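Worksheet for the structure shown next.
Only the coordinates and a few stated rules stand behind these numbers; no lab work does. From a predicted model like this one, the values you see are computed outputs, not experimental measurements. Reconstructed Cβ throughout: ideal geometry from the backbone, glycine too, with neighbour counts over all protein chains shown.
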Amino acid sequence: MNQAPSSREFPVARDPAEGDQADPVLAVDAGLEALLVVWGRAQEGLGTRVSPSQLRALLVVDRLGEVNVNGLAEELGAVASSASRLCDRLEAAGLVRRVVSARNRREVLVGLTGDGRRLVAELAERRRRDLAEVLVRMSPAGRASLLDGLRELRAAVRHPPADRAGADRNSADRNSADPGADRDRSET
């Protein structure tokens with residue numbers, strides 16, 4: 001008989017086949033899918049206070065500190081008008097505030113409020129608790145290998161090849177030039 005998983009089990013959408021080990025892309029995809037399940041559970045624990053796109057924006061603002069809307073849009077891969085509307089909703093919810101830049105009075109910066117910082121901290125605590133529960137079920141050698149691999153993955157993501165970074169920028173430029181892209185990405 002099929003039973004629903006307990007609240008502390010982490011169902012993964014698919015179980016990677018043994019053959020995935022021969023294809024690193026499939027193995028990494030399956031591992032990231034498992035991490036997304038853990039991330040999603042932490043986010044679900046927040047209730048319906050923020051949408052996934054709002055949460056992404058809060059995490060970016062938390063990481064960067066105060067940031068202007070154009071900088072936020074770039075980090076989110078969105079157009080500025082979409083990021084501005086996202087900030088409108090977050091400001092109305094009391095999670096971000098807008099302030100005039102001390103260096104340039106024409107620039108408006110977005111920063112977290114106390115409630116925004118508490119929400120981000122709550123998410124981080126939930127995520128870390130859930131990850132700790134998963135990691136304790138791994139062997140010490142498996143944890144060490146995972147940490148080494150994640151460090152290398154993070155470095156590779158942060159430093160894409162120059163030609164790829166240019167291609168991504170060109171794609172973003174095309175999207176922002178498309179009048180329909182703003183509408184299609186309004187929840188970004």
Practice item. For E33 and H159, calculate 0.36 nm times their separation in residues minus their Cα-Cα distance, and state this gained length in nm to one decimal. Key: 43.1 nm
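Do you know the relative contact order of region 39-151, to the nearest whole percent, from alpha carbon pairs under 8 angstrom that are 6+ apart?
Relative contact order of region 39-151: 27 percent.
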**Study point:** Estimated distance in nm for a label pair at V134 and D115, the labels positioned 7 Å out from Cα along Cα-to-Cβ
**Key:** 3.1 nm
Review point. At what distance in nm do the modelled label points of R89 and D23 sit from each other, each positioned 7 Å from its Cα along Cα→Cβ?
Key: 3.5 nm
Practice item. Identify the trypsin sites (Lys or Arg not before Pro) of region 73-170 meeting these criteria: DSSP loop state and at most 11 other C-beta atoms within 10 Å of the C-beta. Key: R103, R105, R106, R137
Check your understanding: Using a ≥ b ≥ c from the Cα gyration tensor of region 25-77 (square roots of the eigenvalues), is it rounded, prolate or oblate, where a/c under 1.5 gives rounded and otherwise the larger of a/b and b/c decides, a/b for prolate?
Key -> oblate
Point to revise | Where a label projected 7 Å from the Cα of R103 along Cα→Cβ would reach, residues of region 58-79 with amide N under 16 Å | key: 64-72
**Study point:** Calculated from backbone phi, Karplus (6.51, -1.76, 1.60) coupling profile of region 31-44 in Hz, x at Gly/Pro
**Key:** x, 5, 4, 5, 5, 5, 5, 4, 4, x, 5, 5, 5, 4
